[in-house]
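Structure, as C-alpha cells:
The values are calculated or read from the model by the stated rules, or taken from the named source; none is laboratory data. Quick caveat, the model's predicted, so the values are computed rather than measured. A quick note on method: Cβ atoms are made from the backbone with ideal geometry, for glycine too, and the neighbour counts reach across all protein chains shown. The area values use the complete protein model at the heavy-atom level, side chains included, leaving out ligands, DNA and RNA. Shrake-Rupley method; radii C 1.70, N 1.55, O 1.52, S 1.80 Å.
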Amino acid sequence: MARSPEVAVALQDTVVQELKRAVRGAVIRRGEANYDGARRLYNGLVKKRPELVIRCAGASDVVHAVQFARAHGLPVAIRSGGHHIAGLALCDGGLVIDLSRLRGLRVDPTRRTALAQPGVTWGEYQQEAQAFGLVTPAGVISSTGIAGLTLGGGIGWLQRRYGLTIDHLLAVDIVTADGTLRRASADENPDLFWAVRGAGANFGVVTALEFQLQPVSTVQAGNLVYPMPRAKEILRAYREFTASCPDDLSVLVFLANSPEGMPVVIASVCHVGTPEAAESDLRPLRELGPVADQMATMPFAAWQTAFDPLAPYGQYACYRTGYLDGLPDDAIEALVERAAAGIPGPFSLVLINHLRGAIAQVRPDETAYSHRDAEFYVWIVAAWPEAADTERMLAWANGYWRAVRPFTNGVYVNALDDEGQDRVRSAYG
C-alpha cells in the first residue's frame, strides 16, 4: 500500500534530522532561508537545485554524506571553489558535498611540501607558500579552489618549467564511493593515485592534498600589448617564437578588449628566470613593437591575481575550448576573423595558451591526464554581467567555436562544457 504524500514528507524530515545530528557541519535543505546562497557558483548561468547541501566541517562529515547518498539513491556533486564552468559543483535533486569550509593549510619549508584542505583557494595557498619563497604550479585565477583544478590536471603560469599541478601532487586523502576514507599516493593505493591525477572528481571526494613546492619567489611578468589589426602577424610570430622559446618562459596570448574598450592582442608573460634572462628571452616579442610594455619584477603571488578582474564570481559565462596541435595559418585566420569583427564587452576574450615544456616530459600513461603532447590550448570565453544578454553572448561563443573547433583535438577536463558524451570521451582519452 502506497504511503500518503504527508507520511512520505514526514519520513523525509526524520531522515534529514538524523543526518543533521550525525554531521558537525551545516545541512541546508531546499527552501530554507540560506539555500540560494549555498548554491551560488562562479557561473551565474548554472541554476541547478539540489535537495540538500552539506557544508562539511571535516572528513567525517564527507564520509557521512557519501554514505547517506548511497543509502537514499541520491546523485552527488562535490564543491570546493565552485569555479567549474559547467557547474559540476551542483546537481539537480541530489546532494552537494560542500568542502568550502575545509580551509586548513600548512607549509613545511624544510621538506618543501604543503598539506592543504580542499576549501583553500589558489590565492590563499600561494600567499602562504610565498612567505617561504615557494610555490606549486597552479592556474591563472586566484579564487579557484585547489582541489578541482588539481584533479583535472592544473594548467597555469609555471607549467613549462615545472609541469602541471598534478605533477606536484604527493598524496590525497579521499572518500571513495563506498564511504571509506583512504589515502592514495605512489606507495599506497597507487592505481587510485594514478586516477586522481587528471580524471577529475570521478573517483571520490578528496579531503586533503599534499603537494611538493618549488623555489620560486619573484617572476618577471606582465603584458605586451599590440593593436588588433596586427593580430594575424602577431599570432604567426607567436607560433615561431614558441617553437624554440625556453621553458622558463610562459606566454599566453589574448584577443580581447583593453580597459579603454579598444580591441587588442595581449601577450601575457611569466618568466621564472633572472631579469637579465627575461630581457634576452623576450627580445623577439619586443621587436614586434608593442604599443605598451608592462613587464615588471613582482612576487609570483601578485601575478597569480593579475587576471582576477576578468572573472568576477557570479557573472554569466560560457567557455568553448580545445587543444591545438599547432597554429596553422587556417587556424589563425579563423581565430582572428571573428575577433576582428568584435569581442563583446570587457570580460569576453579568446585565449591561446602555449603548453609543452615540462608537461610533455611526463609520459601520457603516467597519470590520467593524457594530453601531454598538445602544443596549445584555446579558450573562447563569453562572460557578461546581465541576464538579458545571455542569448546574444551564447550565440557569439557558439559561432566562434564552430569556426575554431575543426582545428582542435580533445578538451581539458577542467573546461568540460555541456556538449555531451563525445566531449567527455575527448577529455579522458
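Out of R24, R55, report the one residue that is out of contact with any Leu (no Cβ under 9 Å at 6 or more places or on another chain) and at pLDDT 95 or above.
Working: R55 fails: out of contact with any Leu (no Cβ under 9 Å at 6 or more places or on another chain).
That would be R24, the only listed residue that is out of contact with any Leu (no Cβ under 9 Å at 6 or more places or on another chain) and at pLDDT 95 or above.
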Q | Every residue from region 322-332 that is surrounded by 14 or more Cβ atoms within 10 Å (Cβ to Cβ) and farther than 21 Å from W157 by Cβ | A | D325, A331, I332
Q. Exactly one of (1) of a type in the set (D, E, K, R); (2) open to solvent by 30 Å² or more (accessible area, probe 1.4 Å); (3) under 19 Å from A201 (Cβ atoms) is unmet by D61. Its number?
A. (2)
Q: Determine the pairs where a residue that is over 18 Å from I332 (Cβ atoms), located within region 240-257, has a partner that is assigned to a strand (DSSP E or B) and open to solvent by 30 Å² or more (accessible area, probe 1.4 Å) with Cβ atoms under 7 Å apart, the partner being 6 or more residues away or on another chain.
A: N257/P263
Q) Restricting attention to region 172-217, and to residues there that are assigned to a strand (DSSP E or B), touching a residue at least 60 places away in the same chain (Cβ under 8 Å) and within 23 Å of G73 (Cβ to Cβ), which single residue is nearest to the chain's Cα centre (by Cα)? A) V205
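Which residue, of A33, A86, A26, is open to solvent by less than 60 Å² (accessible area, probe 1.4 Å) and over 22 Å from the mean Cα position of the chain (by Cα)?
A26
Let me confirm something: among E386, E375, which residue is closer than 19 Å to Q159 by Cβ, of a type in the set (D, E) and touching a strand residue (DSSP E or B) at 6+ places or on another chain (Cβ under 9 Å)? Walk me through it before giving the result.
Details: E386 fails: closer than 19 Å to Q159 by Cβ.
After ruling out the rest, the residue left standing is E375.
Could you check region 36-54 and list, in sequence order, the residues that are among the basic types (K, R) and surrounded by fewer than 18 Cβ atoms within 10 Å (Cβ to Cβ)?
Those that are among the basic types (K, R) and surrounded by fewer than 18 Cβ atoms within 10 Å (Cβ to Cβ): R40, K47, K48, R49.
Which one is most open to solvent (accessible area, probe 1.4 Å), of the residues in region 333-347 that are of a type in the set (A, V, I, L, M) and not in a loop (DSSP other than H, G, I, E, B)? Spell out the reasoning first.
In the first step, residues of region 333-347 are kept if they are of a type in the set (A, V, I, L, M); the result is 334-336, 339-341, 343.
Then keep just the ones that are not in a loop (DSSP other than H, G, I, E, B); that gives 334-336, 339-341.
On the way: A334: 14, L335: 2, V336: 9, A339: 1, A340: 69, A341: 91 Å².
Step by step, filter region 333-347, then rank; the result is A341.
This table checks each residue for (1) under 16 Å from the mean Cα position of the chain (by Cα); (2) not in a helix (DSSP H, G or I).
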position	(1), (2)
W379	yes, yes
A383	yes, yes
D389	no, no
R392	no, no
W401	no, no
R405	no, no
G410	no, yes
N414	yes, no
R423	no, no
Q: Report the residue count in region 126-140 for those that are surrounded by 22 or more Cβ atoms within 10 Å (Cβ to Cβ) and part of a loop (DSSP other than H, G, I, E, B).
A: 6
(Q) I'd like to know if region 84-95 contains one or more residues that are under 18 Å from K20 (Cα atoms) and either assigned to a loop (DSSP other than H, G, I, E, B) or not basic (K, R) (or both). (A) yes
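Between V381, V362, V350, which is open to solvent by 10 Å² or more (accessible area, probe 1.4 Å), at pLDDT 95 or above, of a type in the set (V, I, T) and in contact with a strand residue (DSSP E or B) (Cβ under 6 Å, 6 or more places away or on another chain)? Walk me through how you get there before you give the answer.
On the way: V362 fails: in contact with a strand residue (DSSP E or B) (Cβ under 6 Å, 6 or more places away or on another chain); V350 fails: open to solvent by 10 Å² or more (accessible area, probe 1.4 Å).
It is V381.
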